[in-house]
Structures are given as structure tokens and as C-alpha cells.
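Participant: This is the structure, below, for whatever I ask next.
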Amino acid sequence: MSEFRPETDSVYAKRRLTLVVALLLVLALAFVVGTFVLGRQANSGSSQAEATVTPSISTAPFANFSARPTPSIDPSASASASVAPSQSVTVSVPASPSAGVSSAAATVSVAPTPSAAATSAKPSSTALVACAASDLQVIVAPSKTVYAAGEQPSFRVTYTNTGSTPCTIAAESAPVDIQVTSGSARVYTKSMCTPSNAPKGQLQPGAAQVGDYAWDRNINVLGCNALKPAQKGSYWVVASVQGVSSQRVNFVLQ
């Protein structure tokens, strides 16, 4: 049987040192493992946070595009300038900076506005006709009832449209005529030597035309080259316009 020998102090010191070193290794290993685990958890949490963040920038197309303003045309501009037909007006409108596009030009077509010259009145479809005898009234009036010796008589002729529609008067074939008679004898006919046409034109309903005609006191019934002075006495005058005659009126030559 072997003899028991007590361990020395050096042996105990070695054992204690070994135990301390082993404990330090365990603590170091535990620290490293803990640090690695915590780092993995921190990285995993940050990735999830990034994945759940909603983007703040819209990906919709043209999200920041701002509409171009619609060019307006001032109605008062037509007072100072006129736009010819088929003319176009080009208006440059800068695009919004947020749209990220360059400036563009908007073309506005202006419809031609009818002017007063383009909208002239249509000619009347109603043709004017010559005044009928039933629509024409003729009146003759001597300037005096008695004319002194050597005084030249003058007759005023008035003709009026008594119809309800306008008509024309005094074609070249229808002169204003003056006839002077003495009893039943014809003394003077104006149209025989000095025809005088009435003014051409339109005669409105109720309107009248007036003309003065003189007589040189010569008898012309024998011809324009065989004139001779009228004698003293009582005479009658009748006027006619476009075939319509007046009532005869008396006057006296001294």
C-alpha cells in the first residue's frame, strides 16, 4: 500500500491559475457570442424598418406636372385690331419648373368675325314700276290769275303718288307737258318745241314733286318756226305728267 503524500503549495497555485484562465476564456467566449447575437438582431431590425417605410416620392407619371394656362382673348381688342379670316394667334406659355420640360407654344385659332362689309344688305327683290294713272295726281297752278302786258306767265306743276307703294316717274317717253287753250282752240303745247322731262327717280307713297314752267306768250300750233304772239284775252292751262292730266285752270293776259 502506497504512502499518501500531501500536495505542495506550488501544485495548488497551478490549479488556481488554470481555473482562472479557464473562467476568463469562458467569459470572453460568452462576450463574443453575446455581441454577435445582438449585432444580428440590430441588423435584422433596421432592415425591417427600411422595408416598411412608404416612399414619400410619388411614382405616378407627371405627378408634378402643372397644367398650362389657357390663353384668353380680350373682347375689347377687336375695337383696335381686326383678325383676318383663317388667321392664327400663337401664344408662348412657359411650362412649370416642377414639370421638368422646356417651354412650349400654344396655337389658338381665332374664328373670323363677320364684318359690316361682308354682311351687306341684299338687294330688294321687289322691282319698281312706273306710277299708274290711278296712283298719280297732277295739279297745275298759274303764278297769277291776271298777267299784265308783256309779263310772262309761269305755271307750277305738282304731281303726287297717291298709291300705297313706291313707283317711278318721268321716263324719257313721258315728259311734263303744258297746254294752253283759248276756248276750244289750242294755242300752245310745250312738248312741241321745248319738251321738258320730269326729274327721274322714285316717288314714295304720299310724296310729291314740284316744277315751275314758263310760257313766252307765243303761239306755236303752226310750228316752231312760225311763232306769233298771243292776243289779249282769257286762256286755260292744263298740265300732264306720264299721261295723267290735271284739271284746267283759267288765267288772263292783258
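Participant: Whole number in Å², please: accessible area per residue of region 179-254, 1.4 Å probe, ligands, DNA and RNA not counted.
Facilitator: Roughly 55 Å² per residue, with all protein chains present.
Participant: If you don't mind, another one. Give me the percent of accessible area attributable to carbon and sulfur for region 186-254, probe 1.4 angstrom.
Facilitator: 49
Participant: Roughly what would the spin-label model give for A207 and A149, points 7 Å off Cα along C-beta, in nm?
Facilitator: 4.7
Participant: Using a Förster radius of 30 Å, what is the FRET efficiency between V252 and A130 based on their Cβ-Cβ separation? Nearest 0.05, please.
Facilitator: 0.25
Participant: Using the basic label-point model (7 angstrom from Cα toward the beta carbon), what is the R156 to R186 distance in nanometres?
Facilitator: For R156 paired with R186, the spin-label model returns 2.8 nm.
Participant: Calculate, for region 127-169, the solvent-accessible area per residue in square angstrom, rolling a 1.4 angstrom probe over the heavy atoms of the protein chains.
Facilitator: That works out to 51 Å² for each residue.
The values are calculated or read from the model by the stated rules, or taken from the named source; none is laboratory data. Because the structure is a prediction, the values reported are computed rather than measured. Backbone-built Cβ (ideal geometry, glycine too); neighbour counts: all protein chains shown. The accessibility values were calculated without ligands, DNA or RNA, using every heavy atom of the protein model including side chains. Shrake-Rupley method; radii C 1.70, N 1.55, O 1.52, S 1.80 Å.
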